[in-house]
Amino acid sequence: MPSKKALVRRPAARLAEGLVTHVEREAVDVDRAVEQWEAYTEALRTHGWETIEVDPADDCPDSVFVEDTVVMYRNVALIARSGAESRRGETAGVEEAVASLGCSVNWVWEPGTLDGGDVLKIGDTVYVGRGGRTNAAGVRQVRATFEPLGARVVAVPVARVLHLKSAVTALPDGTVVGYIPHMDAPSLFPRFLPVPEESGAHVVLLGGDRLLMAASAPKTAELFTDLGYEPVLVDIGEFEKLEGCVTCLSVRLRDLYA
């Protein structure tokens with residue numbers, strides 16, 4: 001049976017100091033962000049996911065974006081090494097968490113850099129965004145770690161947004177969904193569906209036909225409903241001010257060995 005565990009991490013008190021790269025800085029209401037995070041984690045639990053809280057990293061403003069710290073393939077964890085040096089202190093607690101779950105732990109080594117938000121897995125195909133936070137050496141280390149396990153690693157150029165999954169994610173049938181103004185190479189995806197809103201490009205597969213997505217994408221939610229899916233909407237507006245989305249607030253562990 002597939003596992004349904006999700007690593008999450010409570011927002012740091014310094015969340016408002018988080019990095020922004022492709023957007024103008026806006027004031028972040030940390031108390032409101034905590035409320036939104038609690039609603040997000042409750043949505044996961046409501047739909048059958050066991051949430052596992054990684055130890056807080058209060059000195060790391062971006063630490064709530066836990067997905068950036070690790071990439072999972074089956075039960076193998078690749079601990080990331082962010083291209084943003086200030087974020088590298090976020091990985092220790094995550095490494096401890098995945099090791100405690102029995103995962104095989106690997107690391108990205110210098111000169112490689114990798115953010116987990118640059119990795120989109122569809123079956124055994126692993127798309128890796130090559131852009132601001134992930135470099136060519138990081139892509140090579142993803143290949144070296146996962147291709148011996150049966151993965152096919154495809155590098156994707158990313159220049160218009162922070163991470164690959166800022167631009168695209170995938171539906172349960174493997175169709176990639178994306179916001180075209182943020183994409184550099186739509187032709188790399190064999191099945192592609194454009195969406196009308198920026199945040200509509202971000203979905204978390206909850207199981208069955210259910211899609212966790214941001215409340216800021218109502219037109220896309222309507223599109224997905226018309227296609228037979230069941231959107232589950234959450235307000236993550238405070239995190240969107242920091243280029244966050246529904247994918248980066250958790251690490252979904254779907255293929256742990258029993």
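The table below gives the values:
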| read-out | value |
| --- | --- |
| Simple Cβ-charge dipole of the chain, Lys/Arg +1 and Asp/Glu -1, about Cα centre, in debye nearest 20 | 980 |
| Exposed GluC sites (Glu not before Pro) absent: longest stretch of the chain, with sites in DSSP loops and at most 14 other Cβ within 10 Å deemed exposed | 27-258 |
| Check: the range 2-76 dipole with +1 on Lys, Arg Cβ and -1 on Asp, Glu Cβ, in debye | 460 |
| The chain: DSSP helices with Cα axial extent of at least 15 Å and average Kyte-Doolittle hydropathy no lower than 0.0 | 136-146 |
| Solvent-accessible surface (1.4 angstrom probe) belonging to K165, in square angstrom, nearest 10 | 20 |
| The range 21-149, accessible surface, carbon-and-sulfur percent (1.4 angstrom probe) | 46 |
| Sum of side-chain charges, C248 neighbourhood, beta-carbon under 13 Å (Lys, Arg +1; Asp, Glu -1) | -3 |
| Value at 222 nm in deg cm²/dmol, rounded to 500, when DSSP H runs of n ≥ 4 in the chain each add -39,500 (n - 2.57) | -6000 deg cm²/dmol |
| Rg to Rh quotient for the chain, alpha carbon positions, Kirkwood Rh | 0.92 |
| Interchain or long-range residues, amide H under 5 Å from V64's placed H | A12 |
| The range 147-258 - convex hull of alpha carbons, volume per residue in Å³ | 122 |
| V232 long-range amide H proximity, modeled H, under 5 Å | L211, L212, M213 |
| Entries in K5/K241; K165/K241; K121/K219 that, when Cα-Cα distance is taken, lie over 19 Å | K5/K241; K121/K219 |
| D55 paired with L256, simple spin-label distance in nm, labels 7 Å along Cα-to-beta-carbon | 1.8 |
| Using θ = phi - 60° and Karplus 6.51 cos²θ - 1.76 cosθ + 1.60, couplings along the range 108-115 (whole Hz; Gly, Pro as x) | 7, 10, 3, x, x, 10, 7, 10 |
| Cβ-Cβ FRET estimate between D209 and T46, R0 fixed at 22 Å, reported to 0.05 | 0.90 |
| At most 13 other Cβ within 10 Å, DSSP loop - trypsin sites (Lys or Arg not before Pro), the range 1-90 | R25 |
| log10 of Debye I(q)/I(0), alpha-carbon scatterers only, for the range 1-52 at 0.19, 0.21, 0.32 Å⁻¹ | -0.74, -0.82, -1.20 |
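The values are calculated or read from the model by the stated rules, or taken from the named source; none is laboratory data. Remember, it's a predicted structure, so these values are computed and weren't measured experimentally. With ideal geometry, Cβ positions are generated from the backbone for all residues, glycine too; neighbour counts draw on all protein chains shown. Areas reflect the complete protein model, heavy atoms only, side chains present, ligands, DNA and RNA absent. Shrake-Rupley method; radii C 1.70, N 1.55, O 1.52, S 1.80 Å.
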